[in-house]
1. Can you give the accessible area buried between chains B and A, summed over both chains, with a 1.4 Å probe, in Å² to the nearest 100?
2. Leaving out ligands and nucleic acids, note down the accessible area per residue over segment B:62-293 with a 1.4 angstrom probe, in whole Å².
3. Average projected area of the Cα convex hull of segment B:62-293, in nm²?
4. Output the relative contact order of chain A, whole-number percent, from Cα pairs under 8 angstrom with separation of 6+ residues.
5. Quantify how strongly other chains surround peptide B:230-240 by giving the mean number of their Cβ atoms within 10 Å of each of its Cβ atoms.
6. With θ set to phi - 60°, apply the Karplus curve 6.51 cos²θ - 1.76 cosθ + 1.60 along segment A:344-359 and write out the HN-Hα couplings as whole Hz, x wherever there is a Gly or Pro.
7. 5 Å is the cut-off here: which amide hydrogens, built 1.01 Å from N in the peptide plane, fall below it relative to A:Q136, excluding neighbours closer than 5 in sequence?
8. Report, by chain and number, residues whose modeled amide H sits under 5 Å from the one on A:G287, excluding near sequence neighbours (fewer than 5 apart, same chain).
Amino acid sequence: MKTLSLAFATTAMAALTTGAATAQSAEVIHWWTSAAESAGVGVIADAYGDTGGEWVDQAVAGSDAAKTSAISRMVGGNPPDAAQFNLGADIDNLVDSAVLAPIDAVAEANDWASVMPQAVLDAVTRDGHVYGVPIQLQGTNFLFASADALDKVGAGMPQTWDEFFETGDKLREAGIVPFAQAGDRDVWFMNTFQAVLASVLGTEEWGQFTGPDGAEFVRSEAFRPVAEIMAKLPSYADSGVSGRQWNITNQMILNGEAGFFIMGGWAIGEIGAAGLTPGKEVLCGVGPNHAPLVVAGDVWAMPAKGDGLTEAQAKLAEVTTSVEVQAEFTSTMGSLPVRSGVDTSKFNACAAAGAKAISDGNSVMALFINFSPEKLGALGSELKVLWVDPDATADDYVETVAGILENY
Amino acid sequence: MAKFSGTRAHVYLAMLPVWIIVLVALVSSTVWTFVISLTNSKLLPVYKFNFFHQYELLLKQPAWQVAVSNLIVFGVLFIAICLVFGFVMAIMMDQRIRGEAFFRTVFLYPYAMSFVVTGLVWQWVLNPGFGIQAAVRGLGFENFTFDWIVQPDRAIYILVLAAVWQGSGLVMAILLAGLRGVDEDLWKATRIDGIAKWRVYTSIVLPIIAPMAATATVLLAVSVVKAYDLVVALTGGGPGNATEVPAKFVMENLFARQNVALANAGAIMMLVAVIAILVPMYYARRYMAQKAEV
């Protein structure tokens, strides 16, 4: 078996080696391919270039495809210098398989412990070693609303879920879709669930859901409102959810065809791209109920190449987390910086709302951080099934979610 | 031996690259897939064996059961409708109609498109928000409803519709070639006997072109098992899990859910299903061939 996998490794290596790398060139796999995103990654690439290094760009469209490409190259023995992964449990299996290089030296030299939020540092630390370079943070639970649609029914941004559904009823009477839901990937149903969960639980009870007694908590009264809202929400959406991409769904808000939309900060860029102003034609806030911002993020995983971190990898880690790059990168991407000391005055209304929630301490780490990809996948696909079942009750949601927390 | 080295050595030599590719790429990959399915690998292969544990998990998973039953419904309907449509179209073509080349191109054209393009086109056509339903309503028929693609109990038939649209042209082309191979004298003889044309097609021509039909069936069956791109492009497995298929389950677990061993167990189950269909077919054809020789 060993010879066989060795044979595979050699073949893969022969097929993939594109030329001898110089000491300072960094080959980076990432999934930032849209216009705003490639401008953002250009910021890091330029900054890396200014230090005398050569940036070798390997953009792969779609996060799954990019990760697949990175993993198969690691298995094949020809890893890139850095590869984009999600902040959190996404890198667990890579750390367990000992294919990543610890970044402790860079983290210590740049005092990550004092400039980065503890939760972010924890999310990249395994057994006391740092195994990922945080690149950016992203709020996943922005509530967007069409100002035009809300004006028509004389409503404002809802402060509670009761207000949300009240406005929803009025919107429906006015012939506007109350709630737009994206449905081409399971993760969008997970995302909506996560937003509802945060708005009901707040920062205090969030840990009980993600903790070891999660299933028990889900069956308690405290979780009940989440299940009730989730059971009610599908009846406020239109029939075209299945298979609809998030950016197409976002258009419904931009055109005023729909009232509300829950999506991550990456949708903010689309508002500007459509020639609209966040906070004016498209209102946004962090969920009803003064919800905490649910924070996800991206990291560079750095595969071990020989002994420890290479010079190129160390330099990339340093450049990515520097104040200057963080400021320009996050404002280009519409995301949030991973460290303190970054000027956030240039942020638009939506991003500023997210930054404020974080500085107020009103934020929680997304389910991606703690839950394995397997658990998240199961959660997303089960929620998708419940979404299209018109008979699904709050009890069904409780049992399904509790079952997943028990079984995975 | 003399025969081998004399005349046929060059034949074996020519086949050597093919055999190497088959052994290295196909057989060894299959074996490796099977070995990993016996481990508890998550993201990268680890060789800690727990034997058929993954298969046990797999068969117990409701998601897998749904995927398999969806595939059976899809496969049976798709193959049956494709064969019937293809046969009828081939017969119509066989009437020496005018503009045959034109129609043949039109019917075969969908097959030139990938499943991804097919899926996207049909997704847009059938989307209740801006597809056929919206268009007909725009003409003034306010109550017109055609939203099967978003109905959990109907979406699988939409999958069949798109696949039939794409695949039946191929069946037509294969069967038409078969029909053209039928001896003209046979037709003359049946005309003299005054046998109805439909009777000739069903009782005489059909058995003659049976091998062609079998070839078409195998080709269709392969595309059923492979069904992944069409589902992803057309419905994304939804609404709910109404159009999930085993190939999509395998792909999802392979990387997105970081569960390589379970995914490989699923892939092996698909292989077993294919073998279970192909082996009896192979023996049936050999039996028929032997009978024909006698």
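The values are calculated or read from the model by the stated rules, or taken from the named source; none is laboratory data. If you're wondering where the values come from, they're calculated on a predicted model, not measured in any experiment. Glycine also receives a Cβ, built like all others from the backbone with ideal geometry; neighbour counts cover every protein chain displayed. For the accessible areas, the whole protein counts, side chains as well, though only heavy atoms, and no ligand, DNA or RNA atoms are used. Shrake-Rupley method; radii C 1.70, N 1.55, O 1.52, S 1.80 Å.
1. Values: alone 17640 and 17280 Å², together 32390 Å².
Chains B and A together bury approximately 2500 Å².
2. Ligands and nucleic acids excluded, the result is 51 Å² per residue.
3. For segment B:62-293, the mean projected area of the Cα convex hull comes to 16.7 nm².
4. Once divided by the residue count of chain A, the mean separation gives 26 percent.
5. 6
6. With the stated coefficients, segment A:344-359 comes to 10, 6, 7, 5, 6, 4, 5, 4, 4, 4, x, 4, 5, 4, 5, 5 Hz.
7. A:D298
8. HN-HN under 5 Å from A:G287: A:L143.
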